[in-house]
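Trainee: Please read through the structure below; I'll follow up with questions.
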Amino acid sequence: MNNKELADLLFPHIDKTIEDYLTMYPSRGDNHIVTRVAPSPTGFMHIGTVYSALIGQRFAEQNKGTFILRIEDTDTARTVEGAVDDFISHFNYLSIPVNEGPLWPNNADIGNYGPYHQSHRKEIYHTFIKHLVANGHAYPCWLSPEEMDSIRAEQRALKKAPGIYGNYSVWRNKTNEEYVQQYQQDPEWFVIRFRSEGKLGEKVLFEDVTRGKIHMADNVNDNVIMKSGDKLPTYHLAHVVDDTLMRTSHVVRGEEWLTSVPFHLQMFEAFTFPVPVYVHTAQILKVDEGKKRKLSKRKDPESDIAYFFASGYPKQGILDYLMSIIDSKYESWMEENPDKDYTHFTITIQDLNSSGALVDYDKINHVNNRYLSRISNEQLYTETLEWAEQFMPDLAQLMHNEPEYTIAALGIERHTDQDPKRFTNFFDVEKQLRFFYDSEFMRLAKEKPALPDNIDTKTMLHFVDEYEKILDVDGMDKMEWFTQLKEFGKKHWFAANNREFKEWGYNGKVGDIAMFMRIQLACSKQTPDLYHMMKVMGKERVFKRLRHL
Ligand code: GLU
């Protein structure tokens, strides 16, 4: 029996050849750039997925290429329902355009190089695996879980490298007749292993775009390429097949796959397929007790991109942050191009950050504050509203009811020389906005901070009555307003400054009046600029609130 007959026996249902598929999915043109993001639908959208997707998408778009979303769902036990929709809605939310993938409703495919779910590509994989078996590059293996355990235990005890190689690859050198005999006894529970030609102690040389030339120990393991049970391929085989058929030019993927490259190169060689360009992206790290470590899916909320939006960061700010850790040139570019968003920046894949990128809240806050400070008041309104619709519907309703009042309230001191850049995230916006609404004011007033000690209600009510007579907040600029307030305060025995206060035994200082007004108007000691706040609120509302003692 020859290898081809063995392949026919193991895959009787496969009647296509790999050439059929190569014809079915033709070249997209010699220089057409194709990148893809290939998440496994095992839960939430990992920040690393967005990081790699941004690089791949930007690079493809810069070169008028194609960016694909491929769902790597061969681990059926870990597949979570709804995860694909979650990926797609995140790409939409982040405005990261995807050209091909399961993008139609019900995850139907867009594009001619699908199916884009690996679980729908079983027949394709079987064709390619059959080809490897027919050419002597792969073989069936019936090692039982117990046998695997004892191999592992022995390797551990003898401090040998783990894996199925040398004498441990029990099924590698069987005759085809022996395979057939075993297959007839047990046609279900076998795996297919790749027959590695790698030699122990030898090194391979390959190139990664960001890291340059890499020397790495060659792969000597006969790794599994098709699992028993569901007979789906492992990641490795699927990578080689899919990236070949989808005509991926650049494989942008996490650094954790770097050590698998020697094995992947062996498979490309066995098929005689060209190898795509590899771009292994830095892992995102966190400092924990002074040490850097990988983000943990279970322990670190930051591993889920949605966490940042729930924490109130605007999506553009998070994209700016990711870009700044992707490419160190981005931050200075941002400073030079304050009005442009990241899509105007050209990524150079050779220059990408190749060491671990850090989750750094100083940088996250800085970049997000910068973003929220630079957009127009209308844009700030729109983005806050969009965020609030998802995370704070009651605020969204309030904003929706009074758009112009809200925009004026948000706009206080923004884009002026005095701009205190008040907002780093949407929770800051909420804190400085909510009290503007009258219905909220009534609620917040019940819990407002105590007024300064030297302020008694009777004096203040009198003060308020008098102040109402002279205040013309619309007709005065800030200087005039403040000069008037100081003079008026003096009349009511509030000193204009410290010196007067000490020398003349005043009731208090003008600052106390200002604090009184802040608390009365905003139910808080920290408010936007008092003068501007009064202007936005309008005289009638201001005095209603001042009297609400
Ligand atoms: N499914 C793999 C992962 O989530 C994708 C790696 C790749 O992009 O090839 O890590």
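Trainee: Just to confirm the filter: which trypsin sites (Lys or Arg not before Pro) across segment 268-350 are DSSP coil and have at most 16 other Cβ within 10 angstrom of their Cβ?
Mentor: Hits after loop and neighbour filter: 297, 298, 299, 329, 340.
Trainee: Continuing with this model, one more query. Calculate I(q)/I(0) for segment 1-152 by the Debye formula, one identical point scatterer on each C-alpha and no solvent, and give its log10 at q = 0.12 Å⁻¹ to two decimals.
Mentor: Summing over Cα pairs of segment 1-152 leads to -0.68.
Trainee: Report the semi-axes of the equivalent ellipsoid for segment 84-177 in whole Å, largest first, where each axis is √(5λ) for an eigenvalue λ of the Cα gyration tensor.
Mentor: Value: 41, 21, 11 Å, ordered largest first.
Trainee: Any lysines with Cα under 26 Å of the residue 213 Cα? List them, leaving off those in the same chain fewer than 8 positions away.
Mentor: 199, 203, 292, 294, 329
Trainee: Which Cα, out of 161, 124, 349, lies furthest along the positive dipole direction of the chain (beta carbon charges, K/R +1, D/E -1)?
Mentor: About the Cα centre, the residue reaching furthest to the positive side is 161.
Trainee: To the nearest 20 debye, what charge dipole does the chain have about its Cα centre, counting +1 at the Cβ of each Lys and Arg and -1 at the Cβ of each Asp and Glu?
Mentor: Numbers: 66 positive and 81 negative charges, 266 e Å.
Here the size comes out at about 1280 debye.
Trainee: Provide the net charge surrounding residue 292, with neighbours chosen by a C-beta distance below 14 Å and charges set as Lys +1, Arg +1, Asp -1, Glu -1.
Mentor: Charge balance near residue 292 sits at -2.
Trainee: Give, in nm to one decimal, the length gained when the segment between residue 256 and residue 478 is fully stretched (0.36 nm per residue of separation minus the Cα-Cα distance).
Mentor: The residue 256-residue 478 span can extend by a further 74.1 nm.
Trainee: With the cut-off at 1.5 for a/c, could you classify segment 185-263 from its C-alpha gyration tensor as rounded, prolate or oblate? The partial results should precede the final answer.
Mentor: On the way: a/c = 2.95, a/b = 1.48, b/c = 2.00.
Judged from the Cα gyration tensor, segment 185-263 comes out oblate (a/c at least 1.5, b/c at or above a/b).
Trainee: So for the chain, averaging the separation of alpha carbon pairs under 8 Å that are six or more residues apart and normalising by length, what relative contact order in percent results?
Mentor: 11 percent.
Trainee: Quick check on segment 239-387: what are the equivalent-ellipsoid semi-axes from the Cα gyration tensor, as sqrt(5λ), descending, whole Å? All intermediate terms of the calculation are to be shown ahead of the outcome.
Mentor: Working: eigenvalues 227, 75, 44 Å².
Whole-Å semi-axes of the equivalent ellipsoid: 34, 19, 15.
Trainee: For the chain, report the % of Cα-Cα distances exceeding 47 Å.
Mentor: Value for the chain: 34 percent of Cα pairs lie more than 47 Å apart.
Trainee: OK, next. Which trypsin sites (Lys or Arg not before Pro) does segment 3-64 hold that lie in a coil by DSSP with at most 12 other beta carbons within 10 Å? Kindly include the intermediate steps, with their values, before the conclusion.
Mentor: Working: sites: 4, 16, 28, 36, 58, 64; in loops: 16, 28, 64.
Those that pass, being in a loop and sparsely packed, are 64.
Trainee: For segment 299-384, state what percent of all Cα-Cα pairs lands in each successive 10 Å bin, counting from 0 Å until the bin that includes the largest distance.
Mentor: 16, 49, 30, 5
Trainee: Oh, and also: Give the lysines whose C-alpha is closer than 18 Å to that of residue 291, dropping any in the same chain fewer than 8 places away, or say none.
Mentor: Straight-distance partners of residue 291: 299.
Trainee: Write down the percent of antiparallel bridges among all DSSP beta bridges whose residues are both part of the chain, to the nearest 5.
Mentor: Numbers: 19 of 35 bridges.
Taking every DSSP beta bridge within the chain, about 55 percent pair in antiparallel fashion.
Trainee: Given the pairs 421/525; 458/490; 315/525; 421/490, which are separated by over 23 angstrom at their Cα positions?
Mentor: Long pairs (Cα-Cα over 23 Å): 315/525; 421/490.
Trainee: Okay, next question. Could you give the size of the charge dipole of segment 464-516 about its Cα centre, using +1 on the Cβ of each K and R and -1 on the Cβ of each D and E, expressed in debye and rounded to the nearest 20?
Mentor: 360
Trainee: Okay, moving on. Which Cα, out of 301, 481, 366, lies furthest along the positive dipole direction of the chain (beta carbon charges, K/R +1, D/E -1)?
Mentor: Sorting the options by dipole projection puts first 481.
Trainee: Pairs of lysines 8 or more apart, or on different chains, with alpha carbons under 24 Å: count those in segment 1-153, would you?
Mentor: 6
Trainee: Local charge sum around residue 95 (other residues, Cβ-Cβ under 14 Å, Lys/Arg +1, Asp/Glu -1)?
Mentor: -3
Each reported figure results from applying straightforward, stated rules to the coordinates on display, with no laboratory input. If you're wondering where the values come from, they're calculated on a predicted model, not measured in any experiment. Virtual Cβ from ideal backbone geometry, glycine too; neighbours counted across all protein chains shown.
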